[in-house]
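> Okay, handing you the structure first.
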Amino acid sequence: MQYKILLSLFLLLPVLLDAQLLFPGDLNNDGEANHIDLLPLAIAYGQIGPERPGATFDWVPQETFFWELSLPVTGIDLSFVDADGNGILDSLDLDAIPINYDSTQTDAIPAPEPYLLPEIFEVDELPTLILDINQDEVGAGDTIEVNISLNIPDPSVFPLSNPPTALACLITFDPTFINEEAIFYEPDPSADDLMYVAASVSSVDFGRSPNSGTIEFACGGRGEGALRMSRPIGKFKIVIEDMILLEGDPDFMITDQIMINLNEQLIDLQTQTDGLLVSVASDPEKRVDIEGFPNPTRGVIVICPAEFADPSTISVYNETGQRFNLNFVQVNEMCWQVDLTVLPEGIYWMIQEVGGYTQQITVVKQ
């Protein structure tokens, strides 16, 4: 009997040695699920390894096995990047990040370590991450667009085999000027080759979210050089607070910026941002409220914009910044009807840019 027990232990030992514990969403095993976890996925996108038995997105230690493939510099095993456990590194692995956003852990095996990138890819002319605000001056309750773009002065300095692949940053601002429940991100129409994570106070449930006055942002290609050339990335639609006591500048800034290439090397990245003056009163030439009834509604609502325009240009968002494509039906010369029955209860924003000003309405779905 003793020999049988020893034999069983010897047979089991290789399996135990190959096993490790991960937390879905902490793709770089630094002890936290956040926007930075997109970077390993952008590098290793498309790699294949063994599936994780019984995989879930629950923030609990889950046993998996070494893929014997790792990130080029940090050496993180790619099994950590396979958040959904299906054995394929793809955009589905992103889902675990918002589900477990800002969750922390200390029990992974190997133990979590800070995500440090010591190798630098030197370039003479630095790339620039740009925040461009579509207006110079706005008033209380107005909506602005903050466009994000990347300028690469000389793409030829990046080898085709090692192009810029992903970036991450914090976008900070003075929260006294901004309605943080109404921050919405839209990828640029040309950015269908990018993955992204954009997190603000209202974008993650259960209290797990960035600090007030902060947007945590990351984007990256799918194992390719999607950031090798200058390009637009996306835009935030942001609503100014309704009550402004003193005019001033929300002071949008980019901080903690990181850009990496396919070999997981850092590329120095400079930033450029616009200023914005927020005045106490709204400029009636720039903002008009859309009328809607009934509001609150249990389903159907009729909206009547001040300026009649194609309703397909109306953007509809929920409190977490998710955008919805809804069917608007014309009911008369100035009004449209839309059915919200399929949407869960909550607060929704309908925003439309027409002729240089913003039309908007806040709708309560019961």
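The values are calculated or read from the model by the stated rules, or taken from the named source; none is laboratory data. Everything numeric in this text was worked out from a predicted model, so none of it was measured. Neighbour counts run over all protein chains shown; Cβ positions are idealised from the backbone, glycine included.
> Looking only at region 58-104, filter to residues that are more than 18 Å from Leu38 (Cβ to Cβ) and touching a Gly at 6+ places or on another chain (Cβ under 6 Å); which one of those is modelled with the lowest pLDDT?
Only one residue fits best here, namely Trp67.
> So, in region 229-251, exactly how many residues are crowded, with 22+ Cβ neighbours inside 10 Å and assigned to a loop (DSSP other than H, G, I, E, B)?
1
> Another question, then. Say we look at region 79-100 and pick out the residues that are part of a loop (DSSP other than H, G, I, E, B) and among the polar types (S, T, N, Q); which of these is nearest to Gly25 (Cα to Cα)?
Result: Asn100.
> Within region 75-87, how many residues are under 26 Å from Met259 (Cβ atoms) and under 23 Å from the mean Cα position of the chain (by Cα)?
Residues flagged as under 26 Å from Met259 (Cβ atoms) and under 23 Å from the mean Cα position of the chain (by Cα) within region 75-87 amount to 7.
For (1) at pLDDT 85 or above; (2) acidic (Asp, Glu); (3) under 28 Å from Asn147 (Cα atoms), each residue gets a yes or a no:
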| residue | (1), (2), (3) |
| --- | --- |
| Lys286 | no, no, yes |
| Asp289 | no, yes, yes |
| Ser312 | no, no, yes |
| Gln322 | no, no, yes |
| Glu333 | no, yes, no |
| Trp336 | yes, no, no |
| Tyr357 | no, no, yes |
| Gln360 | no, no, yes |
| Lys365 | yes, no, no |
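> Here's another thing I want to ask about it. If you check Ala42 against the conditions, is it among the hydrophobic types (A, V, I, L, M, F, W, C) and in contact with a Ser or Thr (Cβ under 6 Å, 6 or more places away or on another chain)?
Judged against the criteria, Ala42 is a match.
> Ok, one more. Quick check on my filter: what residues within region 266-284 are in a loop (DSSP other than H, G, I, E, B), surrounded by fewer than 19 Cβ atoms within 10 Å (Cβ to Cβ) and at pLDDT 90 or above?
Asp268, Asp274, Gly275
> Another question, then. What residue, of Glu224, Glu122, is surrounded by fewer than 17 Cβ atoms within 10 Å (Cβ to Cβ), at pLDDT below 90 and either among the polar types (S, T, N, Q) or assigned to a loop (DSSP other than H, G, I, E, B) (or both)?
Within the list Glu224, Glu122, the selection yields Glu224.
> For region 39-61, give me each residue that is touching a strand residue (DSSP E or B) at 6+ places or on another chain (Cβ under 6 Å) and more than 19 Å from Ala226 (Cα to Cα).
Ile48, Pro50, Arg52, Pro61
> Can we say Ile109 is of a type in the set (Val, Ile, Thr) and either in the same structural domain as Phe57 (by TED's automatic domain parsing) or more than 30 Å from Thr64 (Cα to Cα) (or both)?
Working: of a type in the set (Val, Ile, Thr): yes; either in the same structural domain as Phe57 (by TED's automatic domain parsing) or more than 30 Å from Thr64 (Cα to Cα) (or both): no.
Considered against the rule, which asks whether it is of a type in the set (Val, Ile, Thr) and either in the same structural domain as Phe57 (by TED's automatic domain parsing) or more than 30 Å from Thr64 (Cα to Cα) (or both), Ile109 comes out as no.
> Answer with yes or no whether Ala199 is surrounded by 21 or more Cβ atoms within 10 Å (Cβ to Cβ), modelled with pLDDT under 95 and either more than 22 Å from the chain's Cα centre (by Cα) or under 20 Å from Ile258 (Cα atoms) (or both).
yes
> Which one is surrounded by the most Cβ atoms within 10 Å (Cβ to Cβ) among residues in region 23-43 that are aliphatic (A, V, I, L, M) and farther than 19 Å from Val201 by Cβ?
Within region 23-43, the match that is surrounded by the most Cβ atoms within 10 Å (Cβ to Cβ) is Leu27.
> Here is a follow-up. Do we have Ala111 as among the small types (Gly, Ala, Ser), modelled with pLDDT under 95 and outside any strand (DSSP E or B) here?
Working: among the small types (Gly, Ala, Ser): yes; modelled with pLDDT under 95: no; outside any strand (DSSP E or B): yes.
Here the answer is no, as Ala111 does not meet what is asked.
> Which number in (1) over 17 Å from the mean Cα position of the chain (by Cα); (2) in a helix (DSSP H, G or I); (3) of a type in the set (Gly, Ala, Ser) marks the one condition that Ala42 misses?
(1)
> Please enumerate the residues belonging to region 88-133 that are small (Gly, Ala, Ser) and touching a residue at least 12 places away in the same chain (Cβ under 8 Å).
Ser91, Ala96, Ser103, Ala108
> Could you tell me which residue of region 138-166 is surrounded by the fewest Cβ atoms within 10 Å (Cβ to Cβ), considering only residues that are outside any strand (DSSP E or B) and hydroxyl-bearing (Ser, Thr, Tyr)?
Looking at the filtered set, the residue picked out is Ser156.
> Here is a further query. Quick one: which of Tyr45, Tyr3 is within 21 Å of Gly221 (Cβ to Cβ) and either modelled with pLDDT under 95 or touching a Leu at 6+ places or on another chain (Cβ under 6 Å) (or both)?
Going through Tyr45, Tyr3 in turn, just one is within 21 Å of Gly221 (Cβ to Cβ) and either modelled with pLDDT under 95 or touching a Leu at 6+ places or on another chain (Cβ under 6 Å) (or both): Tyr45.
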